[in-house]
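Just passing along the structure, written as structure tokens.
The values are calculated or read from the model by the stated rules, or taken from the named source; none is laboratory data. Nothing here was measured: the structure is a model prediction, and the numbers come from that model. Positions of Cβ are generated from backbone atoms using ideal geometry, with glycine treated the same way; all protein chains shown enter the neighbour counts.
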């Protein structure tokens with residue numbers, strides 16, 4: 001099953017996994033609502049995909065009013081939301097709990113946890129109406145302990161949100177998929193990570209879930225570089 005002209009909203013769409021998924025989804029027949037804080041990058045992405053198929057919406061996911069406007073813009077433009085890829089996320093820097101930057105922690109928690117919850121709050125009614133598909137970017141770091149990692153703790157939260165919202169949606173017809181990659185070479189890092197997964201690897205996995213038959217739900221997909229220990 002290809003995109004079939006379904007409407008897919010992607011948060012964190014301006015770079016990395018979000019942008020890669022947007023490009024692949026556009027090629028697969030989805031109509032797209034692309035949300036991120038950086039409007040200039042979104043506009044360039046929409047230009048590449050085609051403005052007739054994609055809409056850019058500036059949105060800080062930690063801002064409830066902005067999330068409401070995002071969902072409203074999607075419905076105004078396309079009339080429905082068939083799938084949501086809640087992908088926005090950020091790292092929190094080095095230092096662990098002993099020496100990390102509290103300001104960076106706050107921004108990361110607001111994006112990775114509170115922002116994720118707000119995305120669900122803004123879009124679930126539309127997904128229920130369409131019996132759609134919710135995909136959440138969590139992480140392999142949300143499945144195992146990482147010494148000193150506040151980021152890992154936020155991904156435990158993201159995994160918990162995904163599992164708990166699946167329970168809330170039981171019987172609604174909405175599918176929920178958690179994507180849990182290991183090390184990914186994304187803009188999180190200042191230096192390239194040559195052995196890491198690429199954004200396109202994650203995008204292909206998201207499209208695999210979204211284009212599976214409606215009778216199939218991939219609850220959790222864990223993926224790591226071949227060289228990474230489980």
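Conditions (1) surrounded by 19 or more Cβ atoms within 10 Å (Cβ to Cβ); (2) modelled with pLDDT of 95 or more, marked per residue:
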| position | (1), (2) |
| --- | --- |
| 101 | no, yes |
| 111 | yes, yes |
| 124 | yes, yes |
| 130 | no, yes |
| 134 | yes, yes |
| 142 | yes, no |
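Confirm whether residue 3 is at pLDDT below 95 and surrounded by 15 or more Cβ atoms within 10 Å (Cβ to Cβ).
Numbers: at pLDDT below 95: yes; surrounded by 15 or more Cβ atoms within 10 Å (Cβ to Cβ): yes.
Taking the combined requirement at face value, the residue satisfies it.
May I pose another question? I need a count of the residues in the stretch 150-189 that are in contact with a helix residue (DSSP H, G or I) (Cβ under 6 Å, 6 or more places away or on another chain) and assigned to a loop (DSSP other than H, G, I, E, B).
5
Follow-up. What number goes with the only condition from (1) exposed (fewer than 14 other Cβ atoms within 10 Å of the Cβ); (2) within 23 Å of residue 65 (Cα to Cα) that residue 208 does not pass?
All conditions pass for residue 208, except number (2).
Only one of 58, 13, 66, 71 is crowded, with 16+ Cβ neighbours inside 10 Å, in contact with a strand residue (DSSP E or B) (Cβ under 9 Å, 6 or more places away or on another chain) and either at pLDDT below 95 or closer than 24 Å to residue 198 by Cβ (or both). Can you tell me which?
Details: 58 fails: either at pLDDT below 95 or closer than 24 Å to residue 198 by Cβ (or both); 66 fails: either at pLDDT below 95 or closer than 24 Å to residue 198 by Cβ (or both); 71 fails: either at pLDDT below 95 or closer than 24 Å to residue 198 by Cβ (or both).
Going through 58, 13, 66, 71 in turn, the sole match is 13.
State all residues of the stretch 68-117 that are assigned to a loop (DSSP other than H, G, I, E, B) and closer than 19 Å to residue 186 by Cα; if no residue qualifies, say none. Walk me through how you get there before you give the answer.
Here is the first cut: in the stretch 68-117, the ones assigned to a loop (DSSP other than H, G, I, E, B) are 79-82, 87-95, 100-101.
The answer is 87, 88, 89, 90, 91, 92, 93, 94.
Has the stretch 35-48 got any residue that is modelled with pLDDT under 95, more than 23 Å from residue 213 (Cβ to Cβ), touching a helix residue (DSSP H, G or I) at 6+ places or on another chain (Cβ under 8 Å) and surrounded by 24 or more Cβ atoms within 10 Å (Cβ to Cβ)?
The answer is no; no qualifying residue exists.
Another question, if that's okay. Just one of 18, 26 is within 21 Å of residue 185 (Cα to Cα), in a helix (DSSP H, G or I) and touching a strand residue (DSSP E or B) at 6+ places or on another chain (Cβ under 7 Å); which is it?
18
Looking at (1) in contact with a helix residue (DSSP H, G or I) (Cβ under 8 Å, 6 or more places away or on another chain); (2) touching a residue at least 60 places away in the same chain (Cβ under 8 Å); (3) crowded, with 16+ Cβ neighbours inside 10 Å; (4) within 30 Å of residue 215 (Cα to Cα), can you tell me which one residue 80 breaks?
Among (1) in contact with a helix residue (DSSP H, G or I) (Cβ under 8 Å, 6 or more places away or on another chain); (2) touching a residue at least 60 places away in the same chain (Cβ under 8 Å); (3) crowded, with 16+ Cβ neighbours inside 10 Å; (4) within 30 Å of residue 215 (Cα to Cα), the lone unmet condition for residue 80 is (3).
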